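S.K.: This is the structure, below, for whatever I ask next.
The values are calculated or read from the model by the stated rules, or taken from the named source; none is laboratory data. All values derive from a computational prediction rather than experimental measurement. Glycine gets a Cβ as well: all are built from the backbone with ideal geometry, and neighbour counts include every protein chain shown.
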Amino acid sequence: MSGSDVATTVFLTQLQLVTFLVFAPFLAATIRITKARLQSRRGPGVLQPYRDLAKWWGKLPVESNASGPVARYAPAFMLGAIVTAALLVPGAAARAPLAGWGDLLVVVGLFATARFAIALAALDSGSAFGGMGSSRDVAISALAEPGLVLALAGVAVAAGSTDLGTISAFGIIHGVGLLGPAHLLAAAAFGIVIIAETGHYPVDNPETHLELTMVHEGMLLEASGRSLATLVFASELKLVVLAALFSAAFFPFGAATEMAPGPIALGLVVGLGKMLVIGQGLALIDATIAKARIMAMPDFLGLASLLALTGLGIRVLMP
Amino acid sequence: MIVTPGGAVGADLLPILWVAAIGIFLAAAVTAVVPRLSQASPALSTAAALLSLGLGCGLLLTGASISWSGWHALGFATIAVHYDGLSGAFLIAFGFSAAAASLSVVGEQPRSRAEGAAFPLFLGSILLVLGASNAFAFLLAWESMALLSAFLVVGLRATRDVVSAGNLYLAMTHVATASILIGFALLAAGSGGSIDFSAWHLAAPALSPVTRDLVLVLVTIGFATKAGAMPFHSWLPRAHPVAPSHISAVMSGAMIKTGIYGLIRLAIDIVGGSPDWLALLILAIGAVSAVMGVLYAVMQHDIKRLLAFHSIENIGIILIGVGSALLLNAKGATELAALALTAAIFHSINHAVFKSLLFLGAGAVIHATGLHDLNHLGGLGRKMPVTMLAFGIGAVAISGLPPFNGFASEWLTFQGLFGAAGSGVLAPISRFGAAAAIGALALTAALAVACFVKATGVTFLGLPRTAAAAAAHETTMPARVAMAVLAAACLVLGLAAGPVAAALTTVARSTLHLGATAGGAAGGAAVGSVASVTATPQAGTAATYAALVVGLLLAVAIGVIVVAAAARSRAAARRVDTWTCGIAPKPAFQYTATSYSKPIRLFFRRILVPEREVRVEYHPGTAFPSSIRYRSEITLLLEDRILRPAHRLGISGADVARKLQGGAIQLYVAYIVIAVLALLIWAR
């Protein structure tokens, strides 16, 4: 690695770390605001997620008598895994800040690490709600995972590598010529996976505390104070990373291909803009369709896997 | 004893390691039956297993191979061994598993003296299987391994269930041996009667395609049965749980890997590849074993049965690697084939490490509570922190999470599949097969997370569900050390994925009979450096997994968050009861293993076909239940649809054979007359 490479890596890492971490609560806020407006409510202000996080972070946690080190340290493992994943996904440029140190499979693996941590922590307090949320979350993720990997496999096979920077650069070079059926099917599959992985309608209701329906919230029920702040922030950041992954893999247009301040600044603005669009899409879905029964998940998420497999099939059979 | 090539640094020591390992295993067997020395037997086995581990590492690092043949006195055959890199890789898997398992029982009394002696002999027979270089030596070691393991499963004072599990195992392992034996006979016939593997390899190109395919099918059936791949798996989830835990650890960690070793040795090294349809079939067997194995594992609530089904899953993942290697090799994509084969060998070693760890953890739980039903456990983490940590690390590793070892080998397996799916030389059906296998592998990995969150959480977290679970205690010091070493190995093999993959790529390349240096231009093989492993699925493009860096990043990120949280306030957290809607928390409120797996049971109901029976009895004349019985079972489709019909066919075939064997002397004389007449007519 030459001197300028090191400088680029350091610069992109700092940039991505700061923008993603600061942007994550904002993205969550925009989703909530749009959803509220669509439901004829005023909704909270843009700063509300930041205020919530600051409030929880300042509070001493209340721990269950039944729980131990797993519940105490799992939030750090979850956030740590997602922060690490955040640095392996291209943001402003058509290369990940830590390019060459991990590919899309590492990002998927780090998401699984985060899921393992939170699902395990939910069992530590001996609460029925924790078990309920945890068991549903791992089951839904199991259905979503083939769609996620197969969708990414489509673009990886096209680009000839699982390296996300290579995939982004490939997408930029080929431009709209890329937008064939294989690509669009995979993108649609990935969209469904984002919904499932971030707990939006029709898979999960991010605002419910009704035991019959909660998935993600069930796992947070016994968390409080700093632990809650860490877990909620990790979930917000996860959406940002998934959205960045989506853009990098399927719509990398706008990302900087040369490492100069101008293109990187532009790439950053375009990248964040794409995330906002994805967020608005989620808000629109949240506000307009009903939550599905958990029993409908195999159909909904199986659809994602089938779309992705069809896309990949087209790709490998008609290269 | 011959060492080739001579002169490599340290290579001269390898024969000494081998002889010492064999000798010490025999000594361990002898001491086990001598009353005053029997305590020393497990320690000797540990030492011999460590020597085997050293031998494996030595073979890999020096690139040397050792061979020996002897025992000509037997008259009709000789014992010949030849340990090369491939043997070395599997010796590492064996060494980890056997050393930890032996160490864990230091100071323990075996169920009987005979079993104490059979254990080191069983380990020694695996050591021989991995180096046997002619059919006689291989079958001798193979059969000893089968019989000794069957004896170790059943033991001397067995209940009916255990005997029936043992009988099933014995029957299936002999079907496997018979199938391998016929395959060997065909190979021997094709090479002018030689029983040497090297002669078979030389004669293989001259075999007729039909004979070659028949040989491959037979050895695939035989070795897949030993490996526990579906649909030849039904012995595995029955035999593993009933054996003592350290024996399950070796059976699952090392013994079933001899099936993988045999398949790679025969199909790739000796015969030199397979037709596309068989490679696709092996890929399909792998994918089905992986998905169905993990699905059934999620449904289990017996901790050892759960782990046994996970062995099927991991064998499936390994076979996906072997299958894609065969597919790619047949079409000349040799570098990619080496990548896929590297993945398979790496995963074999990794599975040996984490599965032995998990079985020893299960053994510690059973030791501490006398229970193996997850639904009766809970909260053991407070009493058994070392076991919880070690089991947790094993769970993370088997779930394929970075930066542990399971992820590294699954990453390589994925890369092999990506390469196959995008490869221009493969037939369309093969490319699509690889694409579908990507989905199967992803599903498997996600279900493994579900399963091990369940197994770890329900066992070690929450409140104890029974008095026995509440009274748990930490396991013995040797067992804790054994688990700690394996847990450390999970992390080290994960972080050192680069150098390990590089060493194993050399092995894979020589098994595929490729030149010593990577072609590069064609793209493909795994290239390891100190900190990372790089795969090149297509020419000119590469993907890298820098295990060490990812591990460090993760550690730094987690550390910063923990420190930041601790710095925010030093006061201890307030502790209260878990919120249970206003009533005092009870252990029964918790999700059990069965309830935890319910969403998956329902999502995959078309495959699992769950049956549920709820029977409520009421106090006469009231609406108050006096007893509620709940029964929930899943249907093992493959067993019902394939194995049971095959079993019935076998039984009716045996009935026909019994009529031929009437027992009357006249009948046999008649057979002889008919045979002689037939021979005379045929030879005329």
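S.K.: Are any residues in segment A:55-86 closer than 30 Å to B:T544 by Cα, touching a Ser or Thr at 6+ places or on another chain (Cβ under 6 Å) and at the interface with chain B (Cβ under 7 Å from one of its Cβ atoms), and if so, which ones?
M.R.: If the condition is that a residue be closer than 30 Å to B:T544 by Cα, touching a Ser or Thr at 6+ places or on another chain (Cβ under 6 Å) and at the interface with chain B (Cβ under 7 Å from one of its Cβ atoms), then A:L79, A:A81 are the ones that fit.
S.K.: Then there's this: It is to be established whether one or more residues within segment B:346-366 are surrounded by fewer than 24 Cβ atoms within 10 Å (Cβ to Cβ), more than 25 Å from B:I282 (Cβ to Cβ) and either outside the structural domain of B:A471 (by TED's automatic domain parsing) or modelled with pLDDT under 95 (or both).
M.R.: Filtering segment B:346-366 for residues surrounded by fewer than 24 Cβ atoms within 10 Å (Cβ to Cβ) gives B:366.
When the remaining residues are screened for being more than 25 Å from B:I282 (Cβ to Cβ), the result is B:366.
Okay, now just the ones that are also either outside the structural domain of B:A471 (by TED's automatic domain parsing) or modelled with pLDDT under 95 (or both), so B:366.
Looking for residues that are surrounded by fewer than 24 Cβ atoms within 10 Å (Cβ to Cβ), more than 25 Å from B:I282 (Cβ to Cβ) and either outside the structural domain of B:A471 (by TED's automatic domain parsing) or modelled with pLDDT under 95 (or both), one finds at least one in segment B:346-366, hence yes.
S.K.: Quick one: count up the residues across segment B:451-471 that are buried (at least 23 other Cβ atoms within 10 Å of the Cβ) and more than 14 Å from chain A (Cβ to nearest Cβ).
M.R.: Result for segment B:451-471: 0.
S.K.: Please determine, by comparing only the residues of segment A:95-122 that are at the interface with another protein chain (Cβ under 7 Å from one of its Cβ atoms) and within 18 Å of A:I140 (Cα to Cα), which one is surrounded by the fewest Cβ atoms within 10 Å (Cβ to Cβ).
M.R.: A:A112
S.K.: If a residue must be touching a residue at least 60 places away in the same chain (Cβ under 8 Å) and among the hydrophobic types (A, V, I, L, M, F, W, C), how many such residues does segment B:416-445 contain?
M.R.: 13
S.K.: Of the conditions (1) closer than 14 Å to B:T459 by Cβ; (2) at pLDDT 90 or above, B:L371 satisfies every one except a single condition; which number is it?
M.R.: Unmet for B:L371, out of (1) closer than 14 Å to B:T459 by Cβ; (2) at pLDDT 90 or above: (2).
S.K.: Any idea which residue in segment B:403-450 is nearest to the other protein chains (Cβ to nearest Cβ), counting only those that are surrounded by fewer than 24 Cβ atoms within 10 Å (Cβ to Cβ) and assigned to a loop (DSSP other than H, G, I, E, B)?
M.R.: Once the filter is applied, the top-ranked residue is B:G424.
S.K.: Please determine whether any residue of segment A:50-57 is closer than 28 Å to B:T580 by Cα and aromatic (F, W, Y).
M.R.: Yes: one or more hits.
S.K.: I would also like to ask the following. Could you list, in sequence order, all residues of segment A:151-202 that are away from chain B (no Cβ under 11 Å) and among the aromatic types (F, W, Y)?
M.R.: Across segment A:151-202, the qualifying residues are A:F190, A:Y201.
S.K.: Keeping to segment B:269-288, report how many residues are surrounded by 24 or more Cβ atoms within 10 Å (Cβ to Cβ) and either on the phi > 0 side of the Ramachandran plot or at pLDDT below 90 (or both).
M.R.: Qualifying residue count, segment B:269-288: 1.
S.K.: Take B:E613 and tell me if it is more than 9 Å from chain A (Cβ to nearest Cβ), farther than 16 Å from A:M295 by Cβ, modelled with pLDDT under 85 and in a strand (DSSP E or B).
M.R.: Here the answer is yes, as B:E613 does meet what is asked.
S.K.: Just for segment B:26-42: of the residues that are of a type in the set (A, V, I, L, M, F, W, C) and touching a Gly at 6+ places or on another chain (Cβ under 9 Å), which one is surrounded by the most Cβ atoms within 10 Å (Cβ to Cβ)?
M.R.: Applying the filter and picking the extreme gives B:A28.
S.K.: Another one. Within segment B:151-160, how many residues are surrounded by fewer than 22 Cβ atoms within 10 Å (Cβ to Cβ) and either part of a loop (DSSP other than H, G, I, E, B) or under 18 Å from the mean Cα position of the chain (by Cα) (or both)? It would help to see each step written out before you state the result.
M.R.: From segment B:151-160, those surrounded by fewer than 22 Cβ atoms within 10 Å (Cβ to Cβ) are B:151, B:155-160; that's our starting set.
With either part of a loop (DSSP other than H, G, I, E, B) or under 18 Å from the mean Cα position of the chain (by Cα) (or both) added as a condition, the list becomes B:155-159.
Qualifying residue count for the region: 5.
S.K.: Okay, next question. For segment B:558-573, which residues satisfy the criterion of being at the interface with chain A (Cβ under 7 Å from one of its Cβ atoms) and more than 34 Å from the chain's Cα centre (by Cα)?
M.R.: B:I561, B:V562, B:A565, B:R568, B:S569, B:A571, B:A573
S.K.: Since B:G378 meets every condition but one in (1) buried (at least 24 other Cβ atoms within 10 Å of the Cβ); (2) at pLDDT 90 or above, which condition does it not meet?
M.R.: Every listed condition holds for B:G378 apart from (2).
S.K.: Within segment B:584-600, how many residues are within 17 Å of B:G379 (Cα to Cα) and crowded, with 24+ Cβ neighbours inside 10 Å?
M.R.: Total meeting the criteria: 4.
S.K.: Of the residues that make up segment A:246-265, is at least one on the phi > 0 side of the Ramachandran plot and not in a helix (DSSP H, G or I)? Lay out the reasoning, then the answer.
M.R.: Start the filter on segment A:246-265 by keeping residues that are on the phi > 0 side of the Ramachandran plot, which leaves A:254.
When the remaining residues are screened for being not in a helix (DSSP H, G or I), the result is A:254.
Yes, there is a match, as at least one residue in segment A:246-265 is on the phi > 0 side of the Ramachandran plot and not in a helix (DSSP H, G or I).
S.K.: If you go through segment B:286-301 one residue at a time, do you hit one that is in contact with a Cys (Cβ under 6 Å, 6 or more places away or on another chain) and in contact (Cβ under 8 Å) with a residue 12 or more places away in the chain?
M.R.: Narrowing segment B:286-301 to residues in contact with a Cys (Cβ under 6 Å, 6 or more places away or on another chain): B:297-298.
Going one step further and asking which of them are in contact (Cβ under 8 Å) with a residue 12 or more places away in the chain, we end up with B:297-298.
For segment B:286-301, residues in contact with a Cys (Cβ under 6 Å, 6 or more places away or on another chain) and in contact (Cβ under 8 Å) with a residue 12 or more places away in the chain: present.
S.K.: Starting from segment A:222-250, keep only residues that are over 25 Å from A:L152 (Cβ atoms), then list their pairs with residues that are assigned to a helix (DSSP H, G or I) and of a type in the set (S, T, Y) whose Cβ atoms are within a distance under 9 Å, requiring at least 6 positions of separation or different chains.
M.R.: So the pair list comes out as A:A223/A:T230.
S.K.: Additional query: Check B:E611, B:E639 and return the single one that is out of contact with any Pro (no Cβ under 7 Å at 6 or more places or on another chain), under 30 Å from B:S289 (Cα atoms), surrounded by 10 or more Cβ atoms within 10 Å (Cβ to Cβ) and touching a residue at least 60 places away in the same chain (Cβ under 8 Å).
M.R.: Of B:E611, B:E639, the one residue that is out of contact with any Pro (no Cβ under 7 Å at 6 or more places or on another chain), under 30 Å from B:S289 (Cα atoms), surrounded by 10 or more Cβ atoms within 10 Å (Cβ to Cβ) and touching a residue at least 60 places away in the same chain (Cβ under 8 Å) is B:E639.
S.K.: Moving on to the next point. Out of segment B:547-557, which residues are more than 7 Å from every other protein chain (Cβ to nearest Cβ) and touching a residue at least 40 places away in the same chain (Cβ under 8 Å)?
M.R.: Narrowing segment B:547-557 to residues more than 7 Å from every other protein chain (Cβ to nearest Cβ): B:547-548, B:551-552, B:555-556.
Correct list: B:A547, B:L548, B:G551.
S.K.: May I ask you to list the residues in segment A:266-299 that are within 14 Å of another protein chain (Cβ to nearest Cβ) and in a helix (DSSP H, G or I)?
M.R.: Of everything in segment A:266-299, those that are within 14 Å of another protein chain (Cβ to nearest Cβ) and in a helix (DSSP H, G or I) turn out to be A:I294, A:M295, A:A296, A:M297, A:P298, A:D299.
S.K.: Being at the interface with chain B (Cβ under 8 Å from one of its Cβ atoms) and under 22 Å from the mean Cα position of the chain (by Cα) is the requirement here; does A:G133 meet it?
M.R.: no
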